[in-house]
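See below for the structure under consideration.
Computed from the coordinates by the stated procedures, all read-outs in this text should not be read as laboratory data. These numbers were taken from a predicted model, which means no experiment stands behind them. Note that we place each Cβ from the backbone using ideal geometry, even for glycine, and neighbour counts take in every protein chain shown.
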Amino acid sequence: MPNRPPGIGRAALMIARKDLLIELRSRSAIFSALAFSVLALAVFFFAWDPTAVGSGDLASGVIWVIFTFSGMLGLHRSFGGEQPTRTIDALIAAPVAGEAVFLGKGLANLVFVAMVQIVTLPAAALLYNVPLVPVALPLAGVVLAAAIGLVAIGTLFSAMAVNTRLAELLLPLLSLPFFVPIVICASQATAKLMAGRPVSDAADYLRLLVVFDAVAVVLSTLVYPSLIEQ
Amino acid sequence: MKISKLAVVAIASVVAVFIRAIYFTPIEAKQGAAQKILYVHAPSAWVAFLAFGLVAVASGLYLWLRDPKLDYIAESSAEVGLVFTTAVLLTGPLWAKPVWGAYWTWDARLTFTLVLWFVYVGYLVLRGAIEDRDMRARYSAVLGILGAALVPFIHLSVYMFRTLHPMPVLMKPSAPSMPPVMTVTLVSSFAAFTLLYVWLLRERYKLAVARDAADHRLYGTEGAV
């Protein structure tokens, strides 16, 4: 096979594979994110008076606060991990499009966030006594749609924050305002589904999430190359 | 320091509007004197959106044309816009306490303004955290564009969120049409604040240019350390 540089899709998959392989071997970030998530579930339970608010009503809000912050724990590592040995320079110099670097990083982050969610959701259902099985499918849709938006924005800002003087301190400051629409839609949709309301009640929120995802993914992929030009 | 004609006109018109608002505009029957804060609040909100709109336009043009002047415009407009947004967020609660009975409610428009305020605080913090001039311009242009793209989403999501909750009893969205004497004051306050914005923007732009020239002399092309 001649030495042709890979196309955007294949290059993105290779970069995602590289990041996931590093994570799989060290397992440091995923364990700390998982431990954080389950620990936060336990801590949040005591933040409200259980006689005033039923634990089932708290669950959706708690879940989304946790997803927002545990996501950010992993996102900084995405570009921060390239920093000590400046391997990001090799990625930029590699004969692949800048968009591919962004999509690959984003894909790896999406897998990371999804893994945290797959563990946290059942744990939340268990600890907060919420029936999960009947709404599993629509809920998975909401969670995935929100994760895509969180990851697109978070990956882009992680790429920016890592090159600034403030590094990881800047990431929450930049991303949280952008997470507001995601968290509003996702937690409201989750609350409706968990309360046993029909899926159509959550449809408006899900629609807005999907539109947000589309805009966030397209826009951040397009602007990313202007972050890495030298 | 030389005082520009624009400065004189801008400050004089704001003073004139305030005099008209305080002495020559009647007190609203139900809200009392608190209503007069509208003549600061509403034009500030108008200027804030104008300013952030200009940030987005200048940011987009910067990524295309790479003219440092566009970056100075975006920086200046973001900073001036943030000042006016702060004025909106401060005057709002002052009015809301006597009229709604609470300084803050999570009403759609309030939440929207607060989130927007945080976006541009982030924008200025980002600028301050990057030393390389070219990189700072590119990064903040990206954020300036994303900030504008976020606006419709915050708008929609906070409106959807609000509709789930009953509205506070005191706060109703009905805006009774104003008597002409108040409308004239309000419209002239918009004009005066726009002049104020243009003047402040121009001064801030001059500062950005001067600071960059100074950095250039001190540190070479790399910008400030």
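Counting, for every residue in B:111-123, the Cβ atoms of other protein chains within 10 Å of its Cβ and taking the mean gives 3. The residue B:191 and residue B:134 beta-carbon pair, evaluated with R₀ = 41 Å, returns a calculated FRET efficiency of approximately 0.60.
Measuring r between the beta carbons of residue A:199 and residue A:119 and using R0 = 25 Å, the FRET efficiency lands at 0.55. Extension gain, residue B:104 to residue B:11: 0.36 nm times the residue separation minus the Cα-Cα distance gives 30.4 nm. In this simple spin-label model, placing a label point 7 Å from the Cα along the Cα-to-Cβ direction at both residue A:53 and residue A:27 gives a separation of 3.5 nm. Each stretch of four or more DSSP H residues adds -39500 (n - 2.57); spread over every residue of chain A, this sum gives -27000 deg cm²/dmol at 222 nm. What list of ³J(HN,Hα) values in whole Hz, one per residue of segment A:65-72 in order, does the Karplus curve 6.51 cos²θ - 1.76 cosθ + 1.60 (θ = phi - 60°) give from phi, with Gly and Pro shown as x? The phi angles translate into 5, 5, 4, 4, 7, 5, x, 5 Hz. 3J(HN,Hα) along segment A:107-116: 5, 4, 5, 5, 4, 4, 5, 5, 5, 4 Hz, from the Karplus curve 6.51 cos²θ - 1.76 cosθ + 1.60 with θ = phi - 60°, whole Hz, x for Gly and Pro. In this Cβ point-charge picture (+1 for Lys and Arg, -1 for Asp and Glu), the protein assembly as shown has a dipole of about 540 debye about its Cα centre. For chain A, with a Gaussian network of springs between Cα atoms less than 10 Å apart, report the residue from A:93, A:125, A:152 with the top mean-square fluctuation. Most flexible of the set in this elastic network: A:93.
When restricted to Cα atoms, the protein assembly as shown yields an Rg and a Dmax of 24.7, 84 Å, respectively.
Charge tally for residue B:13 (other residues, Cβ to Cβ under 15 Å; Lys, Arg +1; Asp, Glu -1): +2. The alpha carbon centroids of segment B:47-65 and segment B:93-140 are separated by 16 Å. Measuring nothing but alpha carbons in segment A:95-138 and taking Rh as the Kirkwood radius, the Rg to Rh ratio lands at 1.27. Note down the relative contact order for chain A as a percent, whole number, built from C-alpha pairs under 8 angstrom at least six residues apart. It comes to 27 percent, rounded to a whole number.
Per-residue 3J(HN,Hα) values for segment A:4-11, derived from phi via the Karplus relation 6.51 cos²θ - 1.76 cosθ + 1.60 with θ = phi - 60°, read 9, x, x, x, 4, x, 5, 4 Hz in sequence order (x marks Gly and Pro). Across peptide B:125-132, the average count of Cβ atoms from other chains found within 10 Å of a residue's Cβ is 5. Just going by the charge dipole of the protein assembly as shown, with Lys and Arg at +1 and Asp and Glu at -1 on Cβ, which of A:106, B:13, B:73 is farthest out on the positive end? Positive-most Cα among the choices belongs to B:13.
Per-residue Cβ neighbour counts within 10 Å put B:20, A:165, B:66 in the sequence A:165, B:66, B:20, beginning with the fewest. Excluding same-chain neighbours fewer than eight residues apart, the lysines reachable from residue B:206 by a Cα-Cα span under 21 Å are B:2, B:5, B:69.
In segment B:122-153, whose amide N lies under 16 Å from the spot 7 Å out along Cα-to-Cβ of residue B:219? List them in ranges. Residues B:125-140 fall inside that zone.
Considering helices alone, the calculated mean residue ellipticity of chain B at 222 nm is -27500 deg cm²/dmol, with DSSP H runs of length four and up weighted by -39500 (n - 2.57) and normalised per residue.
Summary of packing: across the peptides B:35-43, A:36-44, the per-residue average of other C-beta atoms within 10 Å ranks them, highest first, as B:35-43, A:36-44.
Take every Cα-Cα pair in chain A and report what % of them are more than 21 Å apart. Taking all Cα-Cα pairs of chain A, the fraction more than 21 Å apart is 56 percent. The loop-placed trypsin sites (Lys or Arg not before Pro) in segment A:1-74, going by DSSP, that have at most 16 neighbouring Cβ atoms within 10 Å of their Cβ come out as A:27.
Mean per-residue shielding of peptide B:140-153 is 5, counting Cβ atoms of other chains within 10 Å of each Cβ. Positive end of the dipole of the protein assembly as shown (Cβ unit charges, origin at the Cα centre): among B:213, A:140, B:27, the Cα lying farthest that way belongs to B:27.
Hey, got a sec? Which GluC sites (Glu not before Pro) in segment B:1-95 land in a DSSP loop and have at most 12 other Cβ atoms within 10 Å? Qualifying residues, ordered by number: none.
Just check segment A:40-165 against the gyration tensor rule for me: Cα atoms, a ≥ b ≥ c as the square roots of the eigenvalues, rounded for a/c under 1.5, and otherwise prolate or oblate depending on whether a/b exceeds b/c. Because a/c hits 1.5 or more and a/b exceeds b/c, segment A:40-165 counts as prolate. Remark: relative contact order (segment A:135-196) = 48 percent; criterion is Cα-Cα distance under 8 angstrom and separation of 6 or more residues.
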